[in-house]
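First the structure, in the form of structure tokens, and then the observations on it.
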Amino acid sequence: QVQLVESGGGLVQAGGSLRLSCAASGIIFSIIPMGWYRQAPGKQRELVAAISAGGSANYADSVKGRFTISRDNAKKTVYLQMNSLKPEDTAVYYCAANRFRRPIERGTSVDYWGQGTQVTVSS
């Protein structure tokens with residue numbers, strides 16, 4: 001059974017930083033793509049960042065230069081370092097994983113979701 005467990009959300013002032021973590025189990029972590037999505041109230045869930053099994057990363061334009069996705073295959077964990085946070089970054093952030101050779105990208109369905117972690121950025 002695949003499980004994705006996020007941690008690291010919270011309340012931060014604008015300009016601050018947070019690091020989200022997502023620990024995976026029940027899956028061969030090193031060969032699968034991982035990603036982070038977010039969903040703000042009243043908005044659709046959107047892809048924030050994705051990282052391939054090989055470590056190639058892609059970002060939404062809105063977070064480029066501020067967020068960094070990384071992975072530690074030994075710990076079966078993916079991270080999202082968020083710097084220079086803005087109030088518009090406020091959302092529930094979800095960890096996502098896809099099966100082998102199914103990239104995480106806009107328009108592609110997600111095979112596995114975490115339960116989500118709230119990030120609130122105050123102005």
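Annotation: Gln39 fulfils all but one of (1) under 12 Å from Thr77 (Cβ atoms); (2) touching a Lys or Arg at 6+ places or on another chain (Cβ under 6 Å); (3) open to solvent by 40 Å² or more (accessible area, probe 1.4 Å); the unmet one is (1). Just one of the numbered conditions (1) open to solvent by 20 Å² or more (accessible area, probe 1.4 Å); (2) in contact (Cβ under 8 Å) with a residue 60 or more places away in the chain; (3) part of a strand (DSSP E or B); (4) farther than 15 Å from Pro87 by Cα is not true of Leu11: (4).
Of the residues that make up the stretch 76-87, is at least one over 24 Å from Ile28 (Cα atoms), of a type in the set (A, V, I, L, M, F, W, C) and out of contact with any Phe, Trp or Tyr (no Cβ under 7 Å at 6 or more places or on another chain)? Yes.
All conditions but one from (1) under 17 Å from Thr117 (Cβ atoms); (2) exposed (fewer than 13 other Cβ atoms within 10 Å of the Cβ); (3) touching a strand residue (DSSP E or B) at 6+ places or on another chain (Cβ under 7 Å); (4) free of Cβ contacts under 8 Å to residues at least 60 places away in the same chain apply to Gly26; the one that does not is (1). Criterion applied to Ala24, Ala53 was being of a type in the set (Gly, Ala, Ser) and within 27 Å of Val12 (Cα to Cα), and the one residue passing it is Ala24. Say whether the condition of being open to solvent by 30 Å² or more (accessible area, probe 1.4 Å), in a strand (DSSP E or B), without any contact (Cβ under 8 Å) to a residue 24 or more places away in the chain and among the acidic types (Asp, Glu) is met by at least one residue in the stretch 58-72. Within the stretch 58-72 (the criterion being open to solvent by 30 Å² or more (accessible area, probe 1.4 Å), in a strand (DSSP E or B), without any contact (Cβ under 8 Å) to a residue 24 or more places away in the chain and among the acidic types (Asp, Glu)), the answer is yes, since at least one residue qualifies.
Can you pull out every residue in the stretch 95-113 that is open to solvent by 90 Å² or more (accessible area, probe 1.4 Å) and in contact with a strand residue (DSSP E or B) (Cβ under 6 Å, 6 or more places away or on another chain)? Those that are open to solvent by 90 Å² or more (accessible area, probe 1.4 Å) and in contact with a strand residue (DSSP E or B) (Cβ under 6 Å, 6 or more places away or on another chain): Arg106, Trp113. Does any residue of the stretch 19-32 turn out to be under 12 Å from the mean Cα position of the chain (by Cα) and farther than 21 Å from Leu4 by Cα? No, the stretch 19-32 contains no residue that is under 12 Å from the mean Cα position of the chain (by Cα) and farther than 21 Å from Leu4 by Cα.
For every residue, the table says whether it meets (1) farther than 21 Å from Ser123 by Cβ; (2) among the aliphatic types (A, V, I, L, M); (3) touching a Lys or Arg at 6+ places or on another chain (Cβ under 9 Å).
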{"site": "Ala14", "(1), (2), (3)": "no, yes, yes"}
{"site": "Ile27", "(1), (2), (3)": "yes, yes, yes"}
{"site": "Ile31", "(1), (2), (3)": "yes, yes, yes"}
{"site": "Gly35", "(1), (2), (3)": "yes, no, no"}
{"site": "Lys76", "(1), (2), (3)": "yes, no, no"}
{"site": "Pro87", "(1), (2), (3)": "no, no, no"}
{"site": "Glu105", "(1), (2), (3)": "yes, no, no"}
{"site": "Thr108", "(1), (2), (3)": "yes, no, yes"}
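Only residues that are out of contact with any Phe, Trp or Tyr (no Cβ under 8 Å at 6 or more places or on another chain) and assigned to a loop (DSSP other than H, G, I, E, B) were counted across the stretch 33-52, and they come to 7.
The values are calculated or read from the model by the stated rules, or taken from the named source; none is laboratory data. The model shown is predicted, which means the values in this text are computed figures rather than measured ones. Methodologically, a virtual Cβ is constructed for each residue, glycine included, from the backbone with ideal geometry; neighbour enumeration extends over all protein chains shown. The accessibility values were calculated without ligands, DNA or RNA, using every heavy atom of the protein model including side chains. Shrake-Rupley method; radii C 1.70, N 1.55, O 1.52, S 1.80 Å.
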